[in-house]
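Worksheet for the structure shown next.
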Amino acid sequence: MTDFDALDVIVVGGGGAGLAAAVTAAEQGAQVALFESERELGGSTQLSAGMFTAAGTSVQRGLGVEDTAERHFQHYMDLNQWQLAPGLIREFCAAAGPTLEWLLGLGLDIPHAVSPDAHTPGLCRAGVEDVWRGHVPRDQGYGLVQVLDRARRGHGVEAVLGTRVERLLCEDGRVTGVVADGIEVSAAAVVVASGGFARDPGLLDRYYPEARDAGDSLFVVAAPGSRGDHFAFAEQTGSSLTGQGWGLMLPTASFQRYHHWQAGFPPKSRVYVNGEGRRFMDEDASYAVSSGIIRAQRGPVWAVFDEKARTGLPVGYADWTPDRIAEEVRAGRLLSAGSVPELAAAMDVPADALSATVARWNTRLAADGTDPDFLREESLAAKGSPESPAPIAAPPYYAARVLPAELVCTHTGLEIDRTAAVLDRTGTPVPGLFAAGEAGGGVLGMRYVGGGNAVANALTMGRLAGRHAALRR
C-alpha cells in the first residue's frame, strides 16, 4: 500500500489520462497515489472504442504504411487552422507513436490488420487524414483500461475510489498536494486528469454553448465524473484556461439517445438534404468535419430513406431498428409520406429540389456506384462497404431530422505546455501542477482530427505529465 506520508505524485482522476500518468510516474521510481471520484476506474476512456491515433507505429509498418510524426503534425495543425500552440502539438504528435508502442509493450493487442471501422481491431481510417492512423485495440476502451490498470497494480500505485478531490494544497505559489474528503495529502507534484465537463449544464452554457443548440435532442456519452473539477483548480491557482467553445458533437438523428454501438446505424441507402431540399455532403464523412458541414446549412438537415431501407435495419439496437422508426412516425417525431413530393411538403422543402436529389441518387451512386459530387464511394470503401447503396424508390418515404446532438467530449481545459505543466495567466508554469486529458487544454482543438484523437491525447499527455511530475520529487 502506498505511504500517503511519502508521496511524490498525486494523480486526480482514474480515466485513461490518470492511469497513464500514474503508471509512468511509478515507472520513474515515484511514489504515486491516484484519487478517483467514481467507484470504478476508466472514465470516458473505458466507454470509448479505445481507438488511438498515432503516426510511425509498428502496426503501420507491419501493413506497409509509411507515416511520420512530422506528417501527423502538419495535418493536425492544418485542420485546426494553426490555432493551437505548434510546440505543444509537435510534442504530442512526436510522443503519440512511442506511447502506443509503450501500450503494446504493456500487453495491449492491436493486430497488424486493416480495420473497416472503429470496432474491428486493427488499423483504420480515423478521420480525414491522408494516411490511416486509427489503431483499434481488442476489447475496445475497456481492454485499454484493463491493460493500464494491470500495470498500475504491478507498480503498487494505490487507487482511492469514490473520493473526489475538493481542492489543491498550495504553499508559496506552488502546488503541494490535495484535499480529499477533508484530509490533506501532500506530494511534490499533482497531475489533474479529472476529465471534461460534459455532465455539467452550467459549465456547458459558459464554455461550450454550441452543445446546448441541440435542445431536447442533446445526449451525453461522457463518463458520469465529467463534471469539470479542473475549473475550480484553475480559479484556486490562477491557472489559464484554453479551448473555450470547442468540443466534439457527433451528428445523430433527433430521436437517438445512445452512442452508435448501442443505438445502431442509419441505413446505408439514405441522403442528407438541407432546407433547400438538396444533398450537400458525403453521408459517411468523418465526424471530424461532418458536424461543421451540417451546422453550415440553411434550415434543418434531414436523412431521407425509404421503406426498403427501414425494413432492412437490423434488430437488437436501441434506436435504429425497423420498429423504432415506425414508433417515431406514429409519435410524429419522424416524417413519412407516400411519395417524394408529399414528403417534401411535410419537410417544408421545395418538392422539385427533393425529387431531383432523389432521382440523381438513384441514377448515379445507387446505379453505378459513383458519386462525382461528394465522393461517397471512397468513404464506403474505407469502411469495408464498397457495394453500391440501393435506390430510394420504395414508398413510404421517411425523413429523420439530423443534427449535432451527441456530446462526446469537451476541449476547454487548463492550459499546458509541451511538458504538460499547467500555465498561469502570464504563461508561466505553476510549480508542481500538471494536467492531461480533457482537463488539460490545448491539444484537442477547434476540429476533432478523427477517431482516436481524444484517447491519444489522454494517454500521450498523461504519460508526459506523469514523467515530468515524477521529476519534481
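The values are calculated or read from the model by the stated rules, or taken from the named source; none is laboratory data. What you see is a predicted model, and the numbers here were worked out from it, not measured in a lab. Please note: Cβ atoms are built from the backbone with ideal geometry, for glycine as well, and neighbour counts cover all protein chains shown.
Just one of the numbered conditions (1) among the aliphatic types (A, V, I, L, M); (2) in contact with a helix residue (DSSP H, G or I) (Cβ under 6 Å, 6 or more places away or on another chain); (3) in the same structural domain as residue 444 (by TED's automatic domain parsing) is not true of residue 392: (3). Which residue pairs have Cβ atoms closer than 6 Å, lie 6 or more positions apart in sequence or on different chains, and pair a first residue in region 33-50 that is in contact (Cβ under 8 Å) with a residue 24 or more places away in the chain and at positive phi with a second residue that is in a helix (DSSP H, G or I) and surrounded by fewer than 24 Cβ atoms within 10 Å (Cβ to Cβ)? What qualifies is 50/140; 50/141. Exactly one residue out of 191, 178 is under 24 Å from the mean Cα position of the chain (by Cα) and of a type in the set (Val, Ile, Thr): that is 191. Inspect region 237-251 for any residue being buried (at least 20 other Cβ atoms within 10 Å of the Cβ) and part of a helix (DSSP H, G or I) and give the result as yes or no. Taking every residue of region 237-251 in turn, at least one turns out to be buried (at least 20 other Cβ atoms within 10 Å of the Cβ) and part of a helix (DSSP H, G or I). Of the residues making up region 401-451, not one is touching a Cys at 6+ places or on another chain (Cβ under 7 Å) and without any contact (Cβ under 8 Å) to a residue 24 or more places away in the chain. Considering region 85-102 alone, what residues qualify as being more than 14 Å from residue 464 (Cα to Cα) and crowded, with 22+ Cβ neighbours inside 10 Å? None; the set is empty. Quick check on residue 231: is it over 27 Å from residue 473 (Cβ atoms), without any contact (Cβ under 8 Å) to a residue 60 or more places away in the chain and more than 20 Å from the chain's Cα centre (by Cα)? Judged against the criteria, residue 231 is a match. Please determine, by comparing only the residues of region 103-128 that are of a type in the set (Gly, Ala, Ser) and buried (at least 20 other Cβ atoms within 10 Å of the Cβ), which one is farthest from residue 466 (Cα to Cα). Selected residue: 115.
Can you tell me which residues in region 181-218 are closer than 19 Å to residue 162 by Cβ, of a type outside the set (Asp, Glu) and free of Cβ contacts under 8 Å to residues at least 40 places away in the same chain? Correct list: 182, 183, 199.
Taking the residues in region 305-325 that are in a loop (DSSP other than H, G, I, E, B) and in contact with a Leu (Cβ under 7 Å, 6 or more places away or on another chain) as candidates, determine which candidate is surrounded by the most Cβ atoms within 10 Å (Cβ to Cβ).
Of all residues in region 305-325, those in a loop (DSSP other than H, G, I, E, B) come to 312-321.
Of the ones still in play, those that are also in contact with a Leu (Cβ under 7 Å, 6 or more places away or on another chain) are 320-321.
On the way: 320: 22, 321: 17.
Ranking the candidates gives 320 first.
Using the structure shown, decide if residue 30 is in a loop (DSSP other than H, G, I, E, B), in contact with a Gly (Cβ under 7 Å, 6 or more places away or on another chain) and surrounded by 23 or more Cβ atoms within 10 Å (Cβ to Cβ). It is false that residue 30 is in a loop (DSSP other than H, G, I, E, B), in contact with a Gly (Cβ under 7 Å, 6 or more places away or on another chain) and surrounded by 23 or more Cβ atoms within 10 Å (Cβ to Cβ). Among residues that are crowded, with 16+ Cβ neighbours inside 10 Å, over 21 Å from residue 18 (Cα atoms) and in the same structural domain as residue 15 (by TED's automatic domain parsing), residue 141 is not included. Listed by position, the strands (runs of 3 or more DSSP E) inside region 360-473 whose residues that are more than 26 Å from residue 307 (Cα to Cα), modelled with pLDDT of 95 or more and out of contact with any Leu (no Cβ under 7 Å at 6 or more places or on another chain) number at least 3 are 429-435. Only one entry in 108, 100, 84 is assigned to a loop (DSSP other than H, G, I, E, B), of a type in the set (A, V, I, L, M) and farther than 25 Å from residue 412 by Cβ, namely 108. The sole residue among 214, 159 that is in a helix (DSSP H, G or I) and in contact with a strand residue (DSSP E or B) (Cβ under 7 Å, 6 or more places away or on another chain) is 214.
Restricting to region 53-74, and then to whatever is among the small types (Gly, Ala, Ser) and outside any helix (DSSP H, G or I), can you tell me which residue is nearest to residue 96 (Cα to Cα)? First the steps, then the outcome.
Within region 53-74, the first condition is being among the small types (Gly, Ala, Ser), and the residues that meet it are 54-56, 58, 62, 64, 69.
Keeping just the survivors that are outside any helix (DSSP H, G or I) gives 54-56, 64.
Details: 54: 5, 55: 7, 56: 9, 64: 19 Å.
This residue is 54.
Would you check if there is a residue in region 141-152 being more than 14 Å from residue 230 (Cα to Cα) and in a loop (DSSP other than H, G, I, E, B)?
Within region 141-152, the first condition is being more than 14 Å from residue 230 (Cα to Cα), and the residues that meet it are 141-152.
This time we only want the ones that are in a loop (DSSP other than H, G, I, E, B), so: none.
No, region 141-152 contains no residue that is more than 14 Å from residue 230 (Cα to Cα) and in a loop (DSSP other than H, G, I, E, B).
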